[in-house]
Amino acid sequence: LTSLETNQRTAKANTHFNAMSDPKAELAIKKLARLPANCICPQCGTERKFGFSTVCIKYKTFVCNMCKAGHTAISHRCKSLTMSSWTAAEVHSLTEEGGGGNDVARRTWLANAPPVGAGGRPAEGDDVNVFKRFIVQTYEHKRYWADDAGAVAAAPAPVPVAAAPAPVVKMRAPAPAPVRVAGAPAAVPPAVAAPPAAD
């Protein structure tokens, strides 16, 4: 290839990249990365003041370099904040409302995980294999999973309330009516005894 052809290909690639990039989405993804919850890696607890430069797309988390290595080792797609193009839909998926972000991962994938640095959970400075094993246990085997009790979702439909049952009133059955036989004298009700006379 001549240098002119190389320059033309590079220009074409840059045009393609810029056409797919959404500047608003790229600004929004950087803001999301700097949220306090996303500045702490959900798996290992590593903290970065200005957030991480990698997102695990499949699990919608902002991760440190060691956790990125663990994710990519088992083919979980990761994207760079600065070297990749981002769409508005991808950015929305990383928000709390979109079911993403590190807090959501902590409440779901890592809800029952041991503390950082214990029980096989990696801590900053551990061997990369510790990170890989933990990521496999967490995401592939769902070992620490719990349903998200703190999910932000649309308001649930109102639960129908059953009407309270009517109170049960016990009624005495009416006394049977006297049977009248043709030609027989009418039944006379028994006389009510008078109270004894007072002296």
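List of remarks:
- Model label points for MET83 and LYS24, set 7 angstrom from Cα along the Cα-to-Cβ axis, are 2.9 nm apart.
- Excluding same-chain neighbours fewer than eight residues apart, the lysines reachable from LYS132 by a Cα-Cα span under 17 Å are LYS58, LYS68, LYS142.
- Loop-resident trypsin sites (Lys or Arg not before Pro) (DSSP state other than H, G, I, E or B) in region 25-86 with no more than 16 further Cβ atoms inside 10 Å of their Cβ: ARG34, ARG48, LYS49, LYS58, ARG77.
- Compactness check for region 40-134: Cα Rg over 2.2 N^0.38 Å is 1.03.
- Exposure of SER84 as accessible area (Å², to 10), given a probe of 1.4 Å and all protein chains: 20 Å²
The values are calculated or read from the model by the stated rules, or taken from the named source; none is laboratory data. A quick note: this is a predicted structure, and the numbers were derived from the prediction, not measured. Heads up, the Cβs are rebuilt from the backbone with ideal geometry, glycines too, and the neighbour counts pull from every protein chain shown. The area values use the complete protein model at the heavy-atom level, side chains included, leaving out ligands, DNA and RNA. Shrake-Rupley method; radii C 1.70, N 1.55, O 1.52, S 1.80 Å.
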